[in-house]
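Down below is the structure, laid out as C-alpha cells.
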Amino acid sequence: MAAQRRTSVVGWTTIAPVLAVVALALTWGRTVPSAVVGVVAVLLAAAVLAAVHHAEVVAARVGEPLGSLVLAIAVTIIEVGLILTLMLSGKSGAESLARDTVFAAVMITCNGILGLSLLVTAVKHGLAVFNAEGSGAALATVATLAVLCLVLPSFTTSRPGPEYSPAQLAFAAIASLALYGMFVVTQTVRHRDFFLPVASDGGLPDDADEHASPPSNRVTLISLGLLLVALVDVVGLAKVESPAVERSVAAAGLPQSFVGVVIALLVLLPETLAALNAARRGRVQVSLNLALGSAIASIGLTIPAIAVAMIWLQGPLVLGLNATQITLLAITVAAGTLTVVPGRATRLQGGVHLVLLAAFVFLAATP
C-alpha cells in the first residue's frame, strides 16, 4: 500500500495565517510598541513557515520539478512585496534596496543553500550526485541575469552612477522575463528529466516520497488559498516590522545596505529548510533546483517588477554592484561552474561555497 502523505490542513499551518491576518489588521498604519513588535515578529516567522508548508503541499500535487518552481515563485513574491513596501517608505537607502536584496539573495542561494545542501548530502551519503545538465543550465541563467541586471549598470554611461536609463531598464526587465520564461519551459517541459533527482548509480533515488500518495484536490486547493493568505500576511507584517529592522541595523552600527541582507535571509529561510530536508533524504537535485531556481526567480521576476514600479515611484534606482560585490559574484560563478560541471560533489565543494557566503556577510557588515 502506498504511504500516505501527511497533508492535513488543520493545525498550526492553518491557524498561523489567520492569526497573522488579525495582527495585520490591528497594526497596519499604527505605531507599534516594542512589546508588540516581538509578537508581530513571531507571527511573521510563523506566516513564512506556513507559506512554505502550503507551497510544499501544492508542490507535492504537481510533482518535481514543478514543486521547486512553486516554492521559488512564492518566495520571490514575498521578496518583491518586502522590497516595494520598504521602497515606498522613502527612507535613506531605499534607492539601492532592490540591488542589495537581490544580490544578497543570489549569494545566499548560490553559496549558502547550495553549499549546505552539498555538505549535508556528502556527509550523510559520501557523495552528492546530481544532473550536471540541469544544474549547469540553471547556473548559466543565474550568471547571465546577474551580469545583465546587477553588473552592467555600473559600467553604462547614459546615467551618472550605477543606474540604468529608462530604456536600458526596460530592456533589462524584458530580457530578464524572457530568460526566466525560457528557463521555466526548459525545466518543466522540454528537458524536465535534467531536473529530476538521481541516485549514485544514475537512476532515480529510492525515496519514500516517490511512493507517497499525493494530496487530494481538496487539500491542494485549501493549501493554495492559505498560501495566498500567508503571502499577504508576510508582506503586510514585514511593512509593520520594517521600522524596527532599520532601527536594529542602525543600532548595531551596520551600513544601511545590510537591511537588504536581512530581508533576503528572512525570505530565504523557508527555502533553506526545504533544501536541507531534501538533502538529508539524498535528493540533492531538489535542493539545487530550489537554490538556483530561487536565484533565477529573484532576479528574473524582482527586477521587472521593480522596473514597472519605477513608473510610479520617485527617485533613482541604483542597481549596479560595487567592485567588491562584483568580485564576490565572479568567484561565486567560477566556483559554482566547477562544482556543477562534474555532476557530483564532495563536502569540500560545499565548504568552499559556505566560505564564500561567510565572506559576503562579513564584507556586507564591514564594507
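The values are calculated or read from the model by the stated rules, or taken from the named source; none is laboratory data. Predicted model, so just to flag it, every value in this text is computed and none were measured. Every residue, glycine among them, receives a Cβ derived from its backbone with ideal geometry; neighbour counts consider all protein chains shown.
Being over 11 Å from Gln285 (Cβ atoms), buried (at least 20 other Cβ atoms within 10 Å of the Cβ) and not aliphatic (A, V, I, L, M) is the filter here, so list the residues in the stretch 111-135 that pass it. Once the filter is applied, which keeps residues that are over 11 Å from Gln285 (Cβ atoms), buried (at least 20 other Cβ atoms within 10 Å of the Cβ) and not aliphatic (A, V, I, L, M), the stretch 111-135 yields Asn111, Gly112, Gly115. Is there a residue being farther than 17 Å from Ala278 by Cβ, part of a helix (DSSP H, G or I) and at pLDDT 85 or above anywhere in the stretch 4-15? Yes: the stretch 4-15 contains one or more residues that are farther than 17 Å from Ala278 by Cβ, part of a helix (DSSP H, G or I) and at pLDDT 85 or above. Taken over the stretch 213-256, the criterion of being under 30 Å from Ala60 (Cβ atoms) and among the charged types (D, E, K, R) is satisfied by Arg218, Asp233. Of the residues screened, Thr144 is one that is closer than 20 Å to Ala305 by Cα and modelled with pLDDT of 95 or more.
Would you check if there is a residue in the stretch 148-168 being within 21 Å of Ile73 (Cα to Cα), modelled with pLDDT of 85 or more and touching a Cys at 6+ places or on another chain (Cβ under 7 Å)? Checking the stretch 148-168: not a single residue is within 21 Å of Ile73 (Cα to Cα), modelled with pLDDT of 85 or more and touching a Cys at 6+ places or on another chain (Cβ under 7 Å).
Can you pull out every residue in the stretch 114-142 that is within 21 Å of Thr188 (Cβ to Cβ), out of contact with any His (no Cβ under 9 Å at 6 or more places or on another chain), hydrophobic (A, V, I, L, M, F, W, C) and assigned to a helix (DSSP H, G or I)? Scanning the stretch 114-142 gives Ala132, Ala138, Leu139, Ala140, Val142.
Within the stretch 180-191, count every residue that is out of contact with any helix residue (DSSP H, G or I) (no Cβ under 6 Å at 6 or more places or on another chain) and part of a helix (DSSP H, G or I).
In the first step, residues of the stretch 180-191 are kept if they are out of contact with any helix residue (DSSP H, G or I) (no Cβ under 6 Å at 6 or more places or on another chain); the result is 181-182, 184-186, 189-191.
Okay, now just the ones that are also part of a helix (DSSP H, G or I), so 181-182, 184-186, 189-190.
Matching residues across the stretch 180-191 total 7.
Scanning the stretch 262-301 for residues that are over 20 Å from Ser135 (Cα atoms), surrounded by fewer than 24 Cβ atoms within 10 Å (Cβ to Cβ) and modelled with pLDDT of 80 or more yields Val262, Leu265.
Let me confirm something: among Val240, Val259, which residue is crowded, with 19+ Cβ neighbours inside 10 Å and either over 20 Å from the mean Cα position of the chain (by Cα) or without any contact (Cβ under 8 Å) to a residue 12 or more places away in the chain (or both)? Show your work before the answer.
Values: Val259 fails: either over 20 Å from the mean Cα position of the chain (by Cα) or without any contact (Cβ under 8 Å) to a residue 12 or more places away in the chain (or both).
Exactly one of Val240, Val259 is crowded, with 19+ Cβ neighbours inside 10 Å and either over 20 Å from the mean Cα position of the chain (by Cα) or without any contact (Cβ under 8 Å) to a residue 12 or more places away in the chain (or both), namely Val240.
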